[in-house]
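*Asks:* The structure under discussion is supplied below as structure tokens; questions concerning it will follow.
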Amino acid sequence: MRTILVATDYSESAETALKYVAFIARFTKAKIVLFNNYNFNIHALNGRISASAMDTLVKENRHRLEKYAEKLSEKYGTPLSTCTLTSMTEESLEELAKKLNAGMIVMGMKENADWPHVHSNTSATIISNVCLPVLIVPEGVEIKLPERVLYACDYHSVPKEDHLTELKEIATTFGSELQVFHVWKSPALAAAGAELKKAVLSQLEDSIGTLNHTYRDVDAKDIITGLKEGIREFKADILVMSPHKYSFWSSLFHKSKTREMVFKSAIPLLSIPS
């Protein structure tokens, strides 16, 4: 893995995400960049503050972030560099990732977070817009190596070979056991999708065939119920998904069961763009 961008708002959940990544980075040798999005107050946006004063605010925020990174670097025993954005857009974030040769963005998730809270912070902007893998780390996560990786596979859409890099790297680096998991919402759908499943699994096997892996399908009333069952029975340490950008995130932020799945999950969730 190249460089990992870790978003922070100085909260406990953001620090937990950094702690988790710092632990993992000891084995992957990845570089970590701690970054935040500095938002000007309403007076600055209304032009009531001079340009020089705004520049001073940006510098003060940058200094605060650097001091915070120094403290965390010492606390978790890993080198950290920093970066501040003053305009969080899809273009600016992807430009930053490209500049730093970053392969992943990491964000913390507060325990019992709900949609209004998540929607108002930087994390929502990140997961809604960028075309990079995003790792969501829950606040109460157990800091441990990902020995068991559950890959939630959608037989209608499999990521391209290069998009599976993170999945394969995790399994290879940590010698993880990988389970490719799919939920059928009815036996009729399973029967109708047999040929599609065969084609997709053949494609997947070409990509992950050298890894220690198994395949499992379950029938469940809905995908979230099935995923919870899969995580529990496989004793997964991390859940990997490849969502369709718009349909998945729309359902994520508007269906209570999905919010519960993601925002209250005890294990990290890695979203790989399809």
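Bear in mind these aren't lab numbers, they're just calculated from the coordinates by the rules spelled out. Because the structure is predicted, anything quoted here is derived from the model rather than measured. Don't worry about glycine lacking a Cβ; one is built from the backbone with ideal geometry, like all the others, and counts go over all protein chains shown.
*Asks:* Over 20 Å between C-alpha atoms is what I'm after, so list which of Lys160/Lys197; Lys75/Lys168; Lys19/Lys168; Lys31/Lys59 land there. Show your work: numbers first, answer last.
*Replies:* Working: Lys160/Lys197 16 Å; Lys75/Lys168 30 Å; Lys19/Lys168 22 Å; Lys31/Lys59 24 Å.
The pairs that break the limit, which is 20 Å between Cα atoms, are Lys75/Lys168; Lys19/Lys168; Lys31/Lys59.
*Asks:* Which part of region 1-40 falls in the paramagnetic zone of Arg62, meaning amide N under 18 Å from the point 7 Å along Cα-to-beta-carbon?
*Replies:* 8, 33-40
*Asks:* Please report the net charge: other residues with Cβ closer than 15 Å to the Cβ of Thr210, K and R +1, D and E -1. Walk me through the numbers before you get to the answer.
*Replies:* Working: positive: Lys168; negative: Glu161, Glu169, Glu177, Glu205, Asp206.
Here the count lands on -4.
*Asks:* Still on this model: Could you tell me the calculated FRET efficiency between Glu95 and Arg232, based on Cβ-Cβ distance and R0 = 35 angstrom, to the nearest 0.05? Don't jump to the answer; show the numbers that get you there.
*Replies:* Numbers: r = 40 Å, r/R0 = 1.15.
Efficiency for this residue pair is about 0.30.
*Asks:* Would you mind counting up the charge near Gly175? Only other residues with Cβ under 13 Å from its Cβ, with Lys and Arg at +1 and Asp and Glu at -1. Please list the in-between numbers first.
*Replies:* On the way: positive: Arg148, Lys168; negative: Glu147, Glu169, Glu177, Asp237.
After counting each charged neighbour, the total is -2.
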